[in-house]
Every structure is written in C-alpha cells, then in structure tokens.
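The structure under discussion appears below in the form of structure tokens.
The values are calculated or read from the model by the stated rules, or taken from the named source; none is laboratory data. Computed from a prediction, not measured in an experiment: that's the story for all the values here. All Cβ positions, even for glycine, are placed from backbone atoms using ideal geometry, and neighbour counts span all protein chains on display.
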Amino acid sequence: MRTKIVVRSFEQVLQILRDNQFDVRSLPGVANHSAGQIAVGKYGAAAILAPNPKYSAKTATDGEQHPVTWITPPGWVLRGQISRLVDHGNQKLFETPTARIAATADALKSVHRFSEELREVIGEPSLYNESLGTVSNSYMYDRVKGREAPPASDAASNH
C-alpha cells in the first residue's frame, strides 16, 4: 500500500518547524532576499530553505513539484557556516570554505536526526539509504588521486 505524502504550503512548514522547537529565521543579508530564504536549525545542524518558485496548487497534485526547495542541504554548523560532509575514504570531515574538522559520531547523529525531522515536516519521503545514517555531500578518496594505468608499451616490454 502506498503511503500518502502530505504537501504543505511553505508557511505551514515554517509554522510546524517553529512549533517543534526548530530555530527558524529569515536571511536578510542574502543577495537574493526576494526569494525568501530561511535558515532552519536544531541540534547544532542547519539548512537553508526557500519557497519553490515553480510550485503552485495545480502542480501539487502530480507529486512532482514541492512547495519547499533546498538552497543549502543539512549540515553541521561550523564557525557560523553550514558545513558539507566530505568522505575522504578513511575519515569523514565537516568542511566550510574557511574551516575543516573531523566529523564525530555525535555530530553525525545530530545531522542525521535533524535531516530526518526536517524531511518529515516538509513532507519529503525518507529514502532507505538516507534512513540508515548520514550521507556525505561528496566523496574524495585520496588513494585514487593521480593513479593512472601504465602505458601499453611498458606493459608489453616487461614480457
């Protein structure tokens, strides 16, 4: 049986977030302030949301359009900025343009909990791989950097 996805207006989402002790505030200094960008935070994690300009009540019925769009996906707040989680193969790091720290288990749990609660309020489905734990924003495996296949002539001359 298919579960019904509840589609709420952007204002309804913001009110539910406030009612559930999320820190919800508008971003006045943003260049695109007319887009209504909102910073949402809880548990030391945050994301930036905005109303979807392509959304209308008519498009809500097909399930393709959603009233909320992600400007910045959920991340740990590091020195006042929302960090990205980067997987370096042997270690996960929270990174911003100016800072980089190792991701602790407690911080990862906080980001995961924040993401799950935020998706539930927004009305987005929880995907299986995301429900297992925190998903990295990018994967940077050092061990393959610079590795190239040997030229064909070198491999043939060794025999």
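General observations
- Selection from the stretch 78-112 of residues that are loosely packed, with under 11 Cβ neighbours inside 10 Å and modelled with pLDDT of 85 or more: ARG79, GLY80, PRO97, THR98, ALA102, ALA105, ASP106
- Subset of the stretch 54-77 [at pLDDT below 65 and either basic (Lys, Arg) or in a strand (DSSP E or B) (or both)]: LYS58
- First in the stretch 107-124 and over 15 Å from ASN20 (Cα atoms), second anywhere and of a type in the set (A, V, I, L, M, F, W, C) and crowded, with 22+ Cβ neighbours inside 10 Å, Cβ under 6 Å, 6 or more apart: ALA107/TRP76; SER110/ALA45; VAL111/ALA45; VAL111/TRP76
- In the set GLY29, GLY44, only one residue is small (Gly, Ala, Ser), modelled with pLDDT of 80 or more, surrounded by fewer than 18 Cβ atoms within 10 Å (Cβ to Cβ) and within 23 Å of GLU95 (Cα to Cα); that residue is GLY44.
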